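Step one of this worksheet: look at the structure below.
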Amino acid sequence: MDAELERVLEGFKKAAEFARTYRFEMTDDYLALLARVEAMPQNCPGADKSWVWRLIDSSARFYKSAVRVR
């Protein structure tokens, strides 16, 4: 196996081990901000999210026409 690939895979393994043990606490300020964002009209059930599909379509068309530059 390529040495660089092996190094990257080892880094992923270490990151996964760290992620399993990492714990964090959300502050009251953060939870209040999260509640405000979730309560916004555009985040409520039934809100118009059709712009997301237009964005995905636009992005797909853009990347489809991309060419590799060397």
Yes/no for V37 being free of Cβ contacts under 8 Å to residues at least 12 places away in the same chain, among the aliphatic types (A, V, I, L, M) and not in a helix (DSSP H, G or I): no
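Out of R68, R54, R7, I need the residue that is part of a helix (DSSP H, G or I) and more than 21 Å from the chain's Cα centre (by Cα). Which one?
Criteria check complete, one pass: R7.
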Residues located in the stretch 16-30, provided they are assigned to a helix (DSSP H, G or I), under 20 Å from the mean Cα position of the chain (by Cα) and exposed (fewer than 10 other Cβ atoms within 10 Å of the Cβ): A16, F18, A19, R20
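Throughout, read-outs are computed from the coordinates displayed, never taken from laboratory work. Being a predicted model, the structure only gives us computed values, none of them experimental. Glycine gets a Cβ as well: all are built from the backbone with ideal geometry, and neighbour counts include every protein chain shown.
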